[in-house]
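Worksheet: one structure, shown below.
The values are calculated or read from the model by the stated rules, or taken from the named source; none is laboratory data. Note that the coordinates shown come from a computational prediction; the quantities given were computed from them, not determined experimentally. Using ideal geometry, Cβ is built from the backbone for each residue, glycine included, and neighbour counts are taken over all protein chains shown. Heavy atoms of the whole protein, side chains included, go into the accessibility calculation; ligands, DNA and RNA do not. Shrake-Rupley method; radii C 1.70, N 1.55, O 1.52, S 1.80 Å.
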Amino acid sequence: QTRILLPEIILGIGIIFAFFLACTFRSSLIASKRAKELQKTQANLLMAQEIANLGGWTWDLKENKINFTPQALKLLGLDIHQQVLPADQFFYLVHPNETETLKNAIASMKSGRSGYSEIYTFIRPDKETRQIRFAAEVSAFLNHFPIEISGILQDVTKLKVLEEELHQSQKLELIGQLTGGIAHDFNNILMVIQGNLELLSFMMDEKSKEYKKVDTALTACVRGAALTKRLLAFARRDALNPEIFDIKTYMETFSHILQATLGESIESSVEISPMLGKIKVDPNQL
């Protein structure tokens, strides 16, 4: 009877062993697939961090040491193989005017404060200055006391430059609006003065000294009107009107107005080359 059952037992053991091998092989394939997916995910994460100028770190509060990711070390201008850095050396990278603020923030987190984000000026070993966002969160506790802080570093230097450029652009726009309003009011005042001077000039002898003074005042009004045009052009409320004209004649007229402005105590002279040609430009802007 034993001889009859032996082949069946061997066959059963073989089937079980084959099933075990198949399960092991399947588990191995699944583990290999998951490992490849994990590697791909990590690679994508590192690429995303590099694109976003992000780097991770973990601060061991008991040892007072910080473990950095390669991307974080790259942002700080440190050796990417260094990985662990004493906290004192990290503080040394922060601008002296901001070091105390960061130390106070870390001290608050040691006391239980959760969540922190601020931009600091970092001075890298190569003396290059970077604006870096320091974001942190308590990540581990022992007996309800924080023992580990984790977070990110993000280089926002370019972003800060763009913000400053936007701020300057907004300031210029506001100045333009203010300038446009003043120019319109000033132009209205000039029109009243010019109109009255013209009426006064009609009542005077053109050869009299008084007429010359009125004529000078009228010329000043014309220059003032030209000034308002320049202000309106700056404020983008007035279109530029370039035209072709002789620069020599223009400068000669300008020299007369300049002399009248300077007064009799100052003598001025303008030397103009006879070879000057014509130009195309907005006269008021010129």
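Among the residues of the stretch 92-134, the one identified as within 15 Å of Thr58 (Cα to Cα) and in contact with a helix residue (DSSP H, G or I) (Cβ under 6 Å, 6 or more places away or on another chain) is Tyr116. Within the stretch 1-57, the residues that satisfy the criterion of being at pLDDT 75 or above and within 36 Å of the chain's Cα centre (by Cα) are Leu54, Gly55, Gly56, Trp57. Residues in the stretch 118-140 that are surrounded by 16 or more Cβ atoms within 10 Å (Cβ to Cβ) and more than 27 Å from the chain's Cα centre (by Cα): Val138 only. Within the stretch 245-256, residues that are closer than 18 Å to Gly277 by Cβ and among the hydrophobic types (A, V, I, L, M, F, W, C) sit with their Cβ atoms under 8 Å from residues that are part of a strand (DSSP E or B) and at pLDDT 80 or above, at 6+ positions apart or across chains, in these pairs: Phe245/Lys278; Phe245/Ile279; Ile247/Lys278; Ile247/Ile279.
When Val281 is tested against the conditions (1) within 19 Å of Gln194 (Cα to Cα); (2) surrounded by 15 or more Cβ atoms within 10 Å (Cβ to Cβ), the lone failure is (1).
A search for C-beta distances below 7 Å between a residue of the stretch 202-227 that is closer than 24 Å to Leu240 by Cβ and any residue that is among the polar types (S, T, N, Q), counting only pairs 6+ apart in sequence or on different chains, returns Cys221/Gln194; Ala225/Asn187; Ala226/Asn284.
Report whether or not Leu199 is open to solvent by 50 Å² or more (accessible area, probe 1.4 Å) and modelled with pLDDT under 85. Spelling it out, it is not the case that Leu199 is open to solvent by 50 Å² or more (accessible area, probe 1.4 Å) and modelled with pLDDT under 85.
One residue stands out in the stretch 92-117 among those that are open to solvent by less than 80 Å² (accessible area, probe 1.4 Å), without any contact (Cβ under 8 Å) to a residue 40 or more places away in the chain and of a type outside the set (Gly, Ala, Ser): the one that is nearest to Asn67 (Cα to Cα), namely Leu93. Of all residues in the stretch 141-171, those satisfying the criterion of being surrounded by fewer than 14 Cβ atoms within 10 Å (Cβ to Cβ), aliphatic (A, V, I, L, M) and over 23 Å from Gly77 (Cα atoms) are Leu142, Leu166.
When the stretch 61-91 is filtered for residues that are over 13 Å from Leu153 (Cβ atoms), surrounded by fewer than 16 Cβ atoms within 10 Å (Cβ to Cβ) and either of a type in the set (A, V, I, L, M, F, W, C) or within 26 Å of the chain's Cα centre (by Cα) (or both), the ones remaining, listed by number, are Ile80, Val84, Phe91. Going through the stretch 106-124 one residue at a time, which ones are at pLDDT 90 or above and not charged (D, E, K, R)? Scanning the stretch 106-124 gives Ile119, Tyr120, Thr121, Phe122, Ile123.
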